[in-house]
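Comments concern the structure below.
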Amino acid sequence: MYRIGIAFLLILAFSCQKTTDSICDSGKELRDVAPFPIGTTEDGVVFNWQKAQGSRYFNRISSENILKMENLAPRRDSFNFWPCSWLSREAKNAGYQYLHIHPVIWHRQLPYWLANYPKNQLKNFLTDYCRQFKKAILLAESIQTTGIDVVNEALNEDGTLRSSIWMQGIGKEYILEAYRIFSELDPQYKLFYNDYNLALNPAKLDAALDLCDWLRSQGVRVDGIGMQMHINLQEPSSSDIADAFAKITNRGYLLHVSELDISINPYGKANAATSDLLDKQADKFVEVIELYRHIPAHYQYGVTVWGISDRNSWIPGEFNRFDAPLLFDQNNDKKPAYCSFLNALNQ
Ligand code: XIL
């Protein structure tokens, strides 16, 4: 009787066991299956409760805010590069493998005092800042730095150069100067130009590629293009993304999908993440990964999702609307997109 009972229980347990037909039930996470580095960012919340969270899923971290100029040059008379080594050490302790440095020269999140800085001294300042930043990166190696966004968002939508403080004070040469200094680094540090709307706007992408070709023609190193990819469910289309990926790699540049998030509410009309929207979002994440997997492997620098959970996404604050653009929800639970993303990486 006792034996029959045990056998019955075993049969019951076996027949109730969920079939592991999907990688999502396997215990494997993104970093375990991705054929290229898979990144995120979490210093937007300064490594609080998420500290040990992200590295379970992702193996590379991009600096979201901590390495922006307002933090590294808070006072006019001195630099403060300790966040470089701090981030590298914290990321190592948290279990990350690689670091991507973002950004060196940008037109936002600048120190307040820079607005009144004498224009004719800006070039010297930029040179000094880039040199010191480069040294700080070399000193900060708790984990391997794989790449650097040397210049971020230098272009307007029509492909002309943005009239930033750098452009006004120095001219186009500011870009050349920044890459010139970072070109002195060992080639293991990949140098990127990073910008948004590059798949949506072919004129902007062409301008970015021309800019990088021009830099190369001037004898400096630019290894790749970072496509931010703050996109939404509809735009850019699959064929626009494919075209952009092909253009970049055909011109001989590494490709970093550098700040991926997928808005489910770009026009501010929704106020909840319905299952329909979440399924569409999952499909769009898959679309991006499938297209990325098809570019030649030696151009795949990796894919970085811009944050871990919807709770910490920059989108709602920046655009003042409800949104849920990431792979984990407000409670830090996996969304449908996570499993789809994992599956797409595992093909
Ligand atoms: C964003 C951060 O995520 C926010 O926390 C911050 O308030 C503003 O900057 N393009 C970039 C990133 O290159 O640095 C931006 O990050 C998002 C847009």
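Since every read-out is calculated from the coordinates, none of them should be taken as a lab result. On a predicted model such as this, the values are computed, not experimentally measured, just so you know. Cβ sites come from the backbone with ideal geometry, for glycine too, and all protein chains shown count toward neighbours.
With respect to the chain, whose longest principal axis is taken over its alpha-carbon atoms, helix 336-345 is tilted by about 80°. In the chain, helical runs assigned H by DSSP with n ≥ 4 each contribute -39500 (n - 2.57); averaged across all residues and rounded to the nearest 500, the mean residue ellipticity at 222 nm is -11500 deg cm²/dmol. Each residue, residue 334 and residue 114, gets one label point 7 Å from its Cα in the Cβ direction; the gap between the two is 4.0 nm. The order of 119, 204, 334, going from fewest to most other C-beta atoms within 10 Å of their C-beta, is 119, 334, 204. Across the chain, the longest run free of exposed loop sites, meaning GluC sites (Glu not before Pro) lying outside DSSP classes H, G, I, E and B with no more than 13 other Cβ atoms within 10 Å, spans 185-347. Extension gain, residue 165 to residue 347, is 61.0 nm, computed as 0.36 nm per intervening residue step minus the present C-alpha separation. Roughly speaking, what % of Cα-Cα pairs in region 222-284 are separated by over 19 Å, rounded to a whole number? Above the 19 Å cut-off, region 222-284 has 39 percent of its Cα pairs. Projecting the Cα atoms of 187, 215, 271 onto the dipole axis of the chain, where Lys and Arg carry +1 and Asp and Glu carry -1 at the beta carbon, places 187 farthest toward the positive end.
Gain on full extension, evaluated as 0.36 nm per residue between residue 75 and residue 213 minus their Cα-Cα distance, stands at 46.2 nm. Ranking 202, 227, 66 by how far each Cα lies toward the positive end of the dipole of the chain (charges on Cβ) leaves 66 at the top.
For the chain, the Cβ-based charge dipole about the Cα centre amounts to some 820 debye (Lys, Arg positive; Asp, Glu negative; other atoms uncharged). Among beta bridges from DSSP that stay inside region 36-345, the antiparallel ones total about 10%. In plain terms, the residue of 256, 294, 102 with the fewest other Cβ atoms within 10 Å comes first and the most crowded comes last, giving 294, 102, 256. Our analysis of the chain gives Rg over Rh at 1.03, with the two radii drawn from alpha carbon positions and Rh computed by the Kirkwood formula. Once C-alpha pairs closer than 8 Å and six or more residues apart are averaged by separation and normalised to the residue number of region 88-216, the relative contact order reads 32 percent.
Past 19 Å, Cα to Cα, is the threshold; run 68/334; 68/172; 134/190; 280/334; 284/334 against it and keep the listed order. Pairs exceeding the cut-off: 68/334; 68/172.
Computed from the alpha carbon positions, the gyration tensor of region 101-233 leads to an equivalent ellipsoid with semi-axes of 22, 20, 15 Å, biggest first.
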